[in-house]
Amino acid sequence: MREQKGNEGGSGGGVVVGRDGVIAEIWRILDKRSVYMNDLRRIGKTMILEAMKEDPLEGWIVIKKDLGRCSTPEEFAALVYRDALAELKGRAKLMRRMEELIGKASGVQIGPVTLPDGRVAPWKEVLERTFADLDQVVEKTGRRVVFLWDEVPFLLDNVIKNADDGDGQKLAMQVLDAIRSLRQDYPRVKMVLTGSIGLHHILAQLREVDYINSPLNDMKPVAPGPLAAADGVAFAAQMLQARGVEGDDGCAEEIATLVGHVPFYIESFVDGLRTGEEIRREDLEGRLAERLTDEDDDWDLPHYAARLHRYFGQKEKMALAVLDHLAREEAPASNGEIFEAVKAAEVGGDLEDLRKLLKLLHRDHYLEKDRDGRWAFRLAIVRRWWRLDRGL
Amino acid sequence: MSKRDPFISRFSPNRTDPEKLEQIHVERDDLLEDAVARVRASILGKKRKHLLFVGQRGSGKTHLLSLLVHRLRADGEAIDKVRIAWLNEDETSLSYTELLARVYRALVAAYPEEFTEDALAKAFELGVDGGRQYLEDLLAEQVGERRLLVLLENFDALLDALGEEGQRQWRAFLQDSRLMVVVATAQRMTQGMSKVNRKKGNPEEKLADEEKTFFGFFTVTAMSPFAVDEAAQLLKKLARLKGDPELVEFLDSRRGRARVRALRYLSGGNPRLYIVLSEFITKESFDELVRPFEEMVDERLTPYYQERLRWLSPQQRRLVEVLCQSREAMTVGVLAREVFAAENTVSGQLKKLREMGYVDATKGGRESYYELREPLMRLSMQVKGARGEEPLGLLVDFLKVWFEREELEERLEGGGVGELGRRYLLPAVESLREEGPVLRYSLLRRGVDGVDVASCSDEERARLYDLAEETGEAGDLINAGLAAGHAGALQVADGYLTRVVEQEGVSAEEVAWALFNRGVARWRQGDAEGEMADYGRVVELEGAPAEQVAKALVNRGVARGRQGDPEGEMADYDRVVELEGAPAEQVAKALINRGVARGEQGDVEGEMADYSWVVELEGAPAEQVAKALHNRGVVRGRRGDAEGEMADYGRVVELEGAPAEQVAKALVNRGVVRGQQGDTEGEMADYDLVMELEGASADQVVFALYNRGVAREEQGDVEGAMADYGRVVELEGAPVGSVAKARGRMWRVFRVSEKIDEARKLCREVLEKDQIVPDWVADELLTEVLSGGQGSESWQGKVGELYERFAGHGHLDKLGEGLVRQLGTLEEGHLNAKGLEDWVGVWEDAAGDNEAMVVGLRLLRAGVNYLKEGQRRELLRLPKEERALVMQALELEDEG
């Protein structure tokens, strides 16, 4: 056998570094409410779900699924039912209400859930009965159930695109309302919803066709954010070691700081180093700049600029002026300071417009606000890229 | 092709014996080892990493996958825990369900005892949705706790075919099952690799939708084209494999390397093309190779590139076609003319083509030069253009670049070359007969034409060496020699220049160039005799240009001067001055040097005359005139002619084109003279000018600042003076001696104004920051200790601290010297016998036997003993030199 260099074991064997606090917080919330987890892409939301699935809190049954696979409400309902059934393996009799609907389940379940006469079972009915059965499981076994549903926005988008003309948006609204009803009717069965893109973008799309409900407002929002500084450094050190990269003492700290303690960027940055390479702390900033300016790089930071138009429409120029100003400034800036910069950029708008825009930029995780109400880029790496890309 | 040559399949490395692939594998940044390690970790650990390799056609992607599988199969621990599905690269999948079916089918082929067609058949009965679920479950069940490694190529095309829905389904399975590990290859790091909502049939289109299904999912590695070293490595491995030691030897030579470099431009660094072309190097049977080569182009490459061209807009396609027809890189302007379009339009389209991976741009001066990224595209376009019986240009070019005319003639005449082979060999031979290997040379000259040999990069220097080796032309050899000399590779430089000197038929001018520069290289190697001999040969060389002769004479004169032969030196300068056709610059240099030499010989009149000659010399460069004026000014000053001196400096200041350094020197000197003449205002004005002068060296700025500080101090402007001294200290690049002087002035100012604390703070700063620690630092700090109290207890802590401070910055010797100088203060009667004993005792305790302090402490002990006893015999125990130091400190007269 060929001798391998010493990075067996990959990158941490599935352990999620630095997320214990967020995970404990989610479990604590789940005791009372369901959770809507929303944050920037690659911040590590799916990893958090995986860790919860891997190591659930005592007394919880965890069902984790990526809903991007479902294109219709029927598929979604069938998936939920099958997941529940699979989780209760050996105790299928607990699914009494579903059994009343479709008869006794046997063997591998393929395709949509069907009624005894072969017709497709109504999807809302399937969901409602599955949840009712799970509620009884909680009642009888004392064990709680939580669905960890990833890529909920993809599900809704698929539903919109797959339905017959004009029906898609209505169907998506129904799915959202149904999920909300399930939470309200069976509060002992909990959910954690998340996805790569913010659900609010799908909601905004639905609002344009008169959707007036608030399908998330009973859920507790959680934004995991980057790792704490110490955890980011520890993660970087772990990655460097796994990659077999030698460096000065401060290299892990420098890497973590440069990319704003986001585990994805830390890992990807270290992945870009060669196995056995020796690195120096002072070279790392340059190495990062190389990646940030490499047109072929897969970090895809340009989407932070590209999507502004779609997200902010006519306010795009004002958004650019705000982000340019904050990218230039080392310290966080107040509304007044930002307004001065916006005025100097001559992009129009008054202070009230600015306030609204700042809220939107906050909601989309471009910015964060400190205790004194001052604004700064949420991720150091995005600010760094912004400066390079915009030549600031 | 593989029928005739089953040995290495160019298009299907996965059907080639992996052992053979291992033998020709060229490591690029540990790419393969890295990939194996990552996949292995995904198989054995909990976390999965999906890998994506991106590179143009023929960049070695399939080769890499083949070796990855080969090495995994040899890994006993990993192979049991994985099932490998390597998908046929020519098939595509229109849905995710179909992709799963392909995966399963690949498993049936690889593990027939575990996976069966029967099990797969059921999927087709269930339709697309049912089949998907069935296959996911089936794979999960059958693969079980193991991993499923899926190897697939043309990943970009697959994602296009799957569409958004299929991508999301696949992603969900990857996320939820944790079963599958994907290693994929793609030809482009496409914007759309994972982007949804792309227009069907136009995978190059960039859309604004940023929500990518597979964003951040893959660890992406770019397979860059082979560099020259890597290409040489590959060709050597191929030659070894084919048992051709002569070729291996040739590839190890400089000329071989030069050929590989020339080939690099033809092949674009594409490994597959190297493999294909290498066969024409090693195979005798030319005809056998030509047909499969043409087939490869006709059947494999052309359809592919035609398809890619179809994706482009008409204007983009036209630009690519023009670039296909050109062997040279082209500027925007030239391209715009060719297609009758506006430059800004063409520029915009080229930018898009670059982003899409069709073209590369290289900066050359103000312009960007564009060329095709993939040379295979040019090859295929030639076919598209109804080639008929025309031979493929690339292959003819290859023959012209790699072979000498004689070698090809030998092949032609040797018989065994059929009609097909002759179609290629004949045009190559004819071209070589008519114009020689101009193509090879022009390829090698790319990127080094007009390069500055004094400042070229390592890569450019390597190219210059290769070019010189290949052409052997005197001009190229001289450039290589000069580049080597500038890089400090003096023996290499000597070698190239010697080849020029010894070559027949080289012009006298080139020989003179080579000899002169070899002389310089020999001087730098410490070979004074060799140096002078080379200059001498230039001087004697018939037909050598006067400029070269003059330069050689000037340099020989300098060398003779260094050797202590002033007469010979001056004789050389005389010859330059008298030499017909000698450039004014060389005459001026000779005159200045002769002037200096005359001055050293005491002939001040002669010296002045030479400088004056330069000043009047028509055509003398401003730099030489400035030097002459400066030197004459100095001499005039020495002779007491302050007016004349200032006038000369003034002329330097006014001289158009005079180097900033010369002007700065003149200003500093004039400032000093003006000061001496009592014109303080004028003096300071000169120093001010130096500080404003762009290009003035740090040295001159420091002199000006320091001098202005002194002048200000003398004017009573202590604050201004201190500010100037402070600037000297802070100035980056200031000479350490000047810094020490400025610090000294500052210390004196503090002392005079009785700012004792400031003075001592300054001393500590000097110790901490400066390289030179003047005597007053130790004196001041020792005084501080002495004046701060009396007796061991009082001194102990302070002495310890002072010792550590000096020790910490490596200046204990200075402290030792200070202790000896301090004896004079002790003598003044401040301390009684016990106090003296305590003083020396405390130091002995603190410094112990530290080597740097041994002498100082010994002298201190002797001095204290003398002070206590008043007996000179205490001093006589010291060696004479040491005794002198103590006596000097105690201000004792030598009674001897």
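If you roll a 1.4 angstrom probe over the protein chains with everything in place, what fraction of the accessible area of the range A:303-390 belongs to carbon and sulfur, to the nearest %?
Values: 2100 of 4660 Å².
Carbon plus sulfur share of accessible area: 45 percent.
Percent antiparallel among DSSP beta bridges with both residues in chain B, to the nearest 5? Intermediate values should be presented prior to the final figure.
Details: 9 of 28 bridges.
Counting only bridges with both partners in chain B, antiparallel ones make up about 30 percent.
Answer with one residue from A:Pro153, A:Gly59, A:Thr257: the one whose Cα lies farthest towards the positive end of the charge dipole of chain A, charges on Cβ with Lys, Arg +1 and Asp, Glu -1.
Working it through, the farthest residue towards the positive pole turns out to be A:Gly59.
So, for the protein assembly as shown, what is the accessible surface per residue at a probe of 1.4 Å, expressed in square angstrom?
Details: 57240 Å² over 1288 residues.
It amounts to 44 Å² per residue over the protein assembly as shown.
Please name which of B:Ala642, B:Leu617, B:Pro583 has its Cα lying farthest along the dipole of the range B:535-669 towards the positive end, using unit charges on Cβ (Lys, Arg +1; Asp, Glu -1) and the Cα centre as origin.
B:Ala642
Straight-line reach only, C-alpha to C-alpha below 22 angstrom: list the lysines that A:Lys369 could link to, leaving out same-chain residues fewer than 8 apart.
A:Lys45, A:Lys220, A:Lys315, A:Lys317, A:Lys343, A:Lys356, A:Lys359
Tell me the Kirkwood radius of the range A:303-390: reciprocal of the mean inverse pair distance over distinct alpha-carbon atoms, in Å. Numbers along the way, then the final one.
On the way: mean 1/r = 0.0785 Å⁻¹.
Radius from the Kirkwood sum: 12.7 Å.
Can you find, among B:Ala161, B:Ala778, B:Val346, the residue farthest towards the positive end of the dipole of chain B? Put +1 on the C-beta of Lys and Arg, -1 on that of Asp and Glu.
Looking along the dipole axis, the top candidate is B:Ala161.
Antiparallel DSSP bridges in chain A: what percent, to the nearest 5? Before the final figure, lay out each step's value.
Working: 5 of 24 bridges.
Roughly 20 percent of the DSSP beta bridges within chain A come out antiparallel.
As an exercise, identify the trypsin sites (Lys or Arg not before Pro) in the range B:643-691 lying in DSSP coil whose Cβ has no more than 13 other Cβ atoms within 10 Å.
On the way: sites: B:Arg651, B:Lys665, B:Arg670, B:Arg674; in loops: none.
Here no trypsin sites (Lys or Arg not before Pro) fit, given the DSSP loop and packing criteria.
Only Lys, Arg, Asp and Glu count, each charged at its Cβ (+1, +1, -1, -1), so figure out the dipole size of the range A:303-390 about its Cα centre, rounded to 20 debye.
In debye, rounded to 20, the range A:303-390 gives about 380.
Evaluate the distance, in nm, between pseudo-label points positioned 7 Å from the Cα of A:Asp31 and of B:Asn344 along their respective Cα→Cβ axes.
Inter-label distance under the simple model: 6.6 nm.
Run through the DSSP bridge list for the range B:29-222 and note the antiparallel percent, rounded to the nearest 5.
Percentage antiparallel, nearest 5: 5.
What's the average, rounded to a whole number, of partner chain beta-carbon atoms within 10 Å of each residue's beta-carbon in B:164-177?
Details: counts 5, 8, 0, 2, 11, 8, 2, 7, 11, 3, 1, 10, 10, 1.
Neighbouring Cβ atoms belonging to other protein chains average 6 per residue here.
Which of the residues in the range B:59-80 lose at least 40 Å² of accessible area when you go from the chain alone to all protein chains together (probe 1.4 Å)?
Those are B:Arg71, which lose 40 Å² or more relative to the chain on its own.
Could you please state how large a percent of the accessible area of the range B:789-896 is carbon and sulfur, counting protein chains only and using a 1.4 Å probe? The partial results should precede the final answer.
Working: 2630 of 5830 Å².
C and S atoms contribute 45 percent here.
Based on the alpha-carbon gyration tensor of the range A:20-222 and its eigenvalue square roots a ≥ b ≥ c, which shape applies: rounded if a/c is under 1.5, prolate if not and a/b is larger than b/c, or oblate?
On the way: a/c = 1.74, a/b = 1.06, b/c = 1.64.
The shape class here is oblate.
Using heavy-atom solvent-accessible surface (probe 1.4 Å) with all chains present, what is the largest-first order of B:Arg764, B:Arg71?
Details: B:Arg764 70, B:Arg71 15 Å².
So the residues, ranked largest to smallest area, are B:Arg764, B:Arg71.
Net charge within 9 Å of B:Ala468 by Cβ-Cβ distance, Lys/Arg positive one each and Asp/Glu negative one each, not counting B:Ala468 itself? Could the numbers behind the result be given before it?
Details: positive: B:Arg254, B:Arg499; negative: B:Asp466, B:Glu469, B:Glu470, B:Glu473, B:Asp476.
It works out to a net charge of -3.
Just checking the output field for A:304-311: average partner chain Cβ neighbours within 10 Å of each residue's Cβ?
For peptide A:304-311, the averaged partner shielding equals 2.
Run the reach check for B:Lys814 against lysines, Cα to Cα strictly under 19 Å, same-chain hits fewer than 8 apart removed. What comes back?
Within reach: B:Lys741, B:Lys761, B:Lys769, B:Lys798.
If R₀ is 25 angstrom, what is the calculated FRET efficiency for the pair B:Ala642 and B:Val736, using the beta carbon separation as r and rounding to 0.05?
Working: r = 32 Å, r/R0 = 1.26.
So, using R0 = 25 Å, E works out to roughly 0.20.
Only four residue types carry charge here, +1 at the Cβ of Lys and Arg and -1 at the Cβ of Asp and Glu. Report the dipole size of chain B about the Cα centre in Debye, rounded to the nearest 20. Spell out each step's value before the answer.
On the way: 122 positive and 165 negative charges, 784 e Å.
Around 3760 debye, computed over chain B.
Using the basic label-point model (7 angstrom from Cα toward the beta carbon), what is the A:Asp177 to B:Glu19 distance in nanometres?
The two pseudo-label positions are separated by 7.1 nm.
Starting from the Kirkwood Rh over alpha-carbon pairs, what translational D in µm² s⁻¹ does the protein assembly as shown have by Stokes-Einstein at 25 °C and 0.890 mPa s? If you can, show how the numbers build up before the last one.
Working: Rh = 38.9 Å.
Rounded, D is 63 µm²/s.
Quick one: if you stick a label point 7 Å off each Cα along the C-beta vector at B:Ala227 and B:Glu661, how many nm between them?
Going from the B:Ala227 label point to the B:Glu661 one covers 3.5 nm.
If you bin the C-alpha pair distances of the range B:600-713 every 5 Å from 0, what whole percents do you get?
2, 14, 22, 22, 19, 13, 6, 2, 0
Any chance you could check the range A:114-157 for residues losing 40 Å² or more of accessible area when the partner protein chains are in, compared with the chain on its own (1.4 Å probe)?
A:Phe154
Rank-order B:34-43, B:517-526 by packing density, defined as the average count of other C-beta atoms within 10 Å over each peptide's residues, highest first. Please list the in-between numbers first.
Values: B:34-43: 23.7, B:517-526: 20.1.
Going from most to least packed, we get B:34-43, B:517-526.
Could you rank B:Ser59, B:Ser457 by how accessible they are, 1.4 Å probe, largest area first?
Working: B:Ser59 5, B:Ser457 50 Å².
Of B:Ser59, B:Ser457, the descending order of accessible area is B:Ser457, B:Ser59.
Rounded to the nearest 20 Debye, what is the dipole magnitude of the range B:505-648 about its Cα centre when Lys and Arg each give +1 and Asp and Glu each give -1 at the C-beta?
Working: 17 positive and 29 negative charges, 96 e Å.
In total the dipole reaches around 460 debye.
Considering protein heavy atoms only and a 1.4 Å probe radius, which residues within the range A:26-74 exhibit an accessible-area decrease of no less than 40 Å² in the full assembly relative to the chain by itself?
A:Arg41, A:Arg42, A:Glu50, A:Glu54, A:Asp66, A:Arg69
Based on DSSP H runs of at least 4 residues, each adding -39500 (n - 2.57), what is the mean residue ellipticity at 222 nm of the protein assembly as shown after dividing by all its residues, to the nearest 500 deg cm²/dmol? Walk me through the intermediate numbers first.
On the way: 64 runs with 795 residues, N = 1288.
Calculated at 222 nm, the ellipticity per residue is -19500 deg cm²/dmol.
To the nearest 100 Å², how much accessible surface do chains A and B cover up together, summed over both, with a 1.4 Å probe? Can you show the working numbers first?
Numbers: alone 19990 and 41800 Å², together 57240 Å².
Interface between A and B: roughly 4500 Å².
Under 1.5 on a/c is rounded, so check that first for the range A:229-293, then, if it is not, pick prolate when a/b is larger than b/c and oblate when it is not; a ≥ b ≥ c are the square roots of the alpha carbon gyration tensor eigenvalues. Write down the numbers at each step before the final one.
Numbers: a/c = 1.29, a/b = 1.02, b/c = 1.26.
The shape class here is rounded.
So what is the relative contact order of chain B, in percent, for Cα pairs below 8 Å that sit 6 or more residues apart? Before the final figure, lay out the partial values.
Working: 1180 pairs, mean separation 45.6, N = 896.
Once divided by the residue count of chain B, the mean separation gives 5 percent.
Considering chain B, what Rg and Dmax in Å follow from its alpha-carbon atoms?
For chain B, the Cα-based Rg and Dmax read 40.7, 124 Å.
Where does the charge balance sit around B:Asp534 when Lys and Arg score +1, Asp and Glu -1, over other residues with C-beta under 12 Å from its C-beta?
Charge balance in the 12 Å sphere: 0.
The values are calculated or read from the model by the stated rules, or taken from the named source; none is laboratory data. All values derive from a computational prediction rather than experimental measurement. Cβ: placed from backbone, ideal geometry, glycine included. Neighbour counts: every protein chain shown. Calculation scope for accessible area: heavy atoms of the full protein, side chains included, ligands and nucleic acids excluded. Shrake-Rupley method; radii C 1.70, N 1.55, O 1.52, S 1.80 Å.
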